[in-house]
Amino acid sequence: MESFSCKTEIISGVGAIWELSRLHAKRVLVVADPYFEKTDLPEKLRKALQAEAVEFFYRVQPDPTVELSAEGTAAVQAFQPDTVVALGGGSAMDCAKAMAYFSGLPIRLVAIPTTSGSGSEATNFAVLTHNGVKHPLIDPSLQPELAILDGNLLNSLPKSLIADAGFDILAHAAESFVATGAGAISRSLARDAFTTALVYLPPSFHGDTRVRQQVHLAATMAGVAFSQSGLGVCHALAHALGGQFHLPHGRLNAILLPAVMEANQEANPHYADLARGAGLGGTADSMAVRNLKNALRRLRKELQLPATLAQAGVPSQKVRENWAAITQSALSDPCCATNPVRPDKQMVESILEQVTGVG
Ligand SMILES: NC(=O)c1ccc[n+]([C@@H]2O[C@H](COP(=O)([O-])OP(=O)(O)OC[C@H]3O[C@@H](n4cnc5c(N)ncnc54)[C@H](O)[C@@H]3O)[C@@H](O)[C@H]2O)c1
Ligand SMILES: [Fe+2]
């Protein structure tokens with residue numbers, strides 16, 4: 001038995017932001033990444049929205065905290081919008097989702113991602129940080145009604161953001177593909193998203209803006225897939241490490257993903273399937289999986305991403321000092337519940353051991 005639903009309408013294409021006019025919104029609060037305050041995008045959105053009143057909330061920071069979302073919730077309650085538009089990466093979208101959710105108001109949620117990675121524009125997740133721990137909230141009402149994927153917003157993406165967010169796509173797709181909640185439909189989305197990201201991330205990283213719309217759509221597809229299937233221990237550890245060391249979420253996934261595949265050997269038939277879908281076959285499953293892990297390591301290198309936490313600037317001594325807290329936080333993350341093998345302390349510690357590095 002398989003059930004699949006995605007309530008998010010997805011409009012994808014260059015110039016898609018102009019479709020906002022068909023919302024006929026009256027009062028709109030735009031929750032925007034501060035990066036956009038000095039660009040011409042807010043003015044374009046104002047024109048596209050054609051609303052009676054548009055206000056901007058520019059206070060989003062990477063990895064939004066519970067305190068920031070409470071401040072934003074007060075802004076929502078004061079302005080009483082009928083529509084909240086999230087403009088930015090996963091952090092802006094998660095902050096906007098939490099603001100709308102905690103306001104208790106009947107709000108239409110629209111997401112305009114400006115990075116290609118989190119998939120938050122089409123997921124039922126919002127990740128909030130509290131006291132150094134990242135907590136994923138999971139609720140159907142966090143799923144935006146509309147996602148606008150406009151390739152025009154991606155032309156000025158810095159290389160490091162393409163790389164970091166790109167590995168978030170790969171981690172979402174790979175974890176979704178092997179998750180206990182996966183079905184034929186979510187696997188098909190995850191497989192296509194994985195292959196697209198693998199093929200198009202290098203040209204996008206090296207400056208080819210023509211392929212970015214495809215990578216953008218892959219991010220959304222991986223988001224739709226994991227909303228259905230759940231994620232796994234890669235994300236549980238990325239949340240635990242991100243809360244402690246404040247490294248970009250996708251960069252942590254890049255460090256973790258090959259080691260997680262190593263730890264999840266029971267899922268090898270599915271990883272082999274994923275590898276073959278991406279043209280990385282091998283006669284035996286074990287060979288296909290080895291090719292898959294090597295392809296991820298090669299891509300990580302090409303995108304100038306670190307292979308260990310030490311290379312990412314976290315001294316191994318710091319990891320050792322926080323070992324128990326990281327392990328505990330990862331094991332209590334809800335993403336563990338859908339990992340193909342139920343993670344235990346030994347598994348999490350063996351992954352952590354592999355990614356700590358020297359220095
Ligand atoms: N809700 C979900 O389903 C979900 C899934 C995965 C990750 N996440 C969360 O998303 C966050 C990561 O999101 P992200 O990778 O999109 O990064 P981000 O939103 O944290 O943004 C990173 C940086 O990129 C800048 N930026 C954004 N768009 C830009 C653009 N077009 N040009 C130049 N700079 C730009 C921002 O100002 C910020 O400094 C993490 O907090 C992670 O936990 C959420
Ligand atoms: Fe993620």
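Residue-wise test of (1) over 21 Å from the mean Cα position of the chain (by Cα); (2) surrounded by 20 or more Cβ atoms within 10 Å (Cβ to Cβ).
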position: VAL289; (1), (2): yes, yes
position: LEU305; (1), (2): no, yes
position: THR308; (1), (2): no, no
position: GLY313; (1), (2): yes, no
position: LEU331; (1), (2): no, no
position: THR338; (1), (2): no, yes
position: PRO343; (1), (2): yes, yes
position: GLN346; (1), (2): yes, no
position: VAL358; (1), (2): yes, no
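To keep it simple, each residue is scored yes or no on (1) of a type outside the set (Phe, Trp, Tyr); (2) in contact (Cβ under 8 Å) with a residue 12 or more places away in the chain; (3) more than 27 Å from ALA74 (Cβ to Cβ); (4) not assigned by TED's automatic domain parsing to the domain that holds TYR101.
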{"position": "ALA16", "(1), (2), (3), (4)": "yes, yes, yes, no"}
{"position": "ARG22", "(1), (2), (3), (4)": "yes, no, yes, no"}
{"position": "VAL30", "(1), (2), (3), (4)": "yes, yes, no, no"}
{"position": "THR39", "(1), (2), (3), (4)": "yes, no, no, no"}
{"position": "LEU45", "(1), (2), (3), (4)": "yes, yes, no, no"}
{"position": "GLU52", "(1), (2), (3), (4)": "yes, yes, no, no"}
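Wholly within segment 117-199, which strands (runs of 3 or more DSSP E) include no fewer than the required count, namely at least 2 residues that are touching a Ser or Thr at 6+ places or on another chain (Cβ under 7 Å) and surrounded by 20 or more Cβ atoms within 10 Å (Cβ to Cβ)?
On the way: elements: 125-130, 133-138, 146-149.
The qualifying strands (runs of 3 or more DSSP E) are 125-130, 146-149.
Within the set SER3, SER69, SER12, SER21, the sole residue that is within 22 Å of the chain's Cα centre (by Cα), of a type in the set (Gly, Ala, Ser) and surrounded by fewer than 19 Cβ atoms within 10 Å (Cβ to Cβ) turns out to be SER12. Please indicate, with yes or no, whether at least one residue in segment 162-171 is in the same structural domain as LEU303 (by TED's automatic domain parsing), within 26 Å of VAL66 (Cα to Cα) and more than 11 Å from ligand 1 (Cβ to nearest atom). Within segment 162-171, none of the residues are in the same structural domain as LEU303 (by TED's automatic domain parsing), within 26 Å of VAL66 (Cα to Cα) and more than 11 Å from ligand 1 (Cβ to nearest atom). For segment 229-253, the candidate set comprises residues that are polar (S, T, N, Q) and surrounded by 24 or more Cβ atoms within 10 Å (Cβ to Cβ); within that set, the residue that is nearest to ligand 1 (Cβ to nearest atom) is ASN253. State yes or no: is ALA179 farther than 30 Å from MET1 by Cα and modelled with pLDDT of 95 or more? So ALA179 fails the test.
For segment 208-246, which positions are without any contact (Cβ under 8 Å) to a residue 24 or more places away in the chain and either on the phi > 0 side of the Ramachandran plot or in a helix (DSSP H, G or I) (or both)? Those that are without any contact (Cβ under 8 Å) to a residue 24 or more places away in the chain and either on the phi > 0 side of the Ramachandran plot or in a helix (DSSP H, G or I) (or both): ARG210, VAL211, GLN214.
The values are calculated or read from the model by the stated rules, or taken from the named source; none is laboratory data. Owing to the predicted nature of the structure, the values given are computational and were not obtained by experimental measurement. Note: ideal-geometry Cβ built from the backbone for every residue, glycine included; neighbour counts use all protein chains shown.
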